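Below is one structure, written out as structure tokens, with a few remarks after it.
The values are calculated or read from the model by the stated rules, or taken from the named source; none is laboratory data. Keep in mind that this is a model prediction, so the values were computed, not measured. Here the Cβ is made from the backbone with ideal geometry for all residues, glycine too, and neighbour counts use every protein chain on show. Only protein heavy atoms, including side chains, enter the accessible area calculation; ligands, DNA and RNA are left aside. Shrake-Rupley method; radii C 1.70, N 1.55, O 1.52, S 1.80 Å.
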Amino acid sequence: PQGPPVYVDLAYLPGSWSARTVDEEFFRRIRSLCYVVSGDDHLKEGVLRPLLDALLTGKHQWGIDIQVTLIPTFDSLVMHEWYQETHERQQELGITVLGSNSTVAMQDETFPACKVEF
């Protein structure tokens, strides 16, 4: 149903096959300061590019200047290609892709991490 957009600070984008449900209408209606793209799996790779393109199209329709941060939680060739191919458009729309080389060590595990502050 039609309605006003919803504004949030942080939104997690669905992973796996559910990511197919995220389109430009999702980004037009769910307006977040930060979007987290999680789900490092082979299923996500097939739907990642349309999801990222939908962010650009949906954000363009906002009509207001709000800075948005995209936070991928995994490394992906698709993400790298999209970033390079659309970097100028991202800048025009106020979208920053947050990359991190930081790691966190907990017990016997080490994993990549980034810090987000509001």
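Assorted remarks:
- Sequence-separation-based contact order of the range 6-112, relative, with Cα cut under 8 Å and 6+ spacing, percent: 25
- Chain lengthening between Ala105 and Tyr12 when straightened (0.36 nm per residue, less Cα-Cα): 31.1 nm
- Cα pair distances exceeding 20 angstrom across the range 6-112, given as percent: 38
- Ordered by 1.4 Å accessible area with all protein chains kept, Asp75, Asp23, Asp65 run largest first as Asp65, Asp75, Asp23.
- Dipole of the range 6-112, positive end: most advanced residue of Gly58, Tyr83, Val68 [Cβ charges, Cα centre]: Gly58
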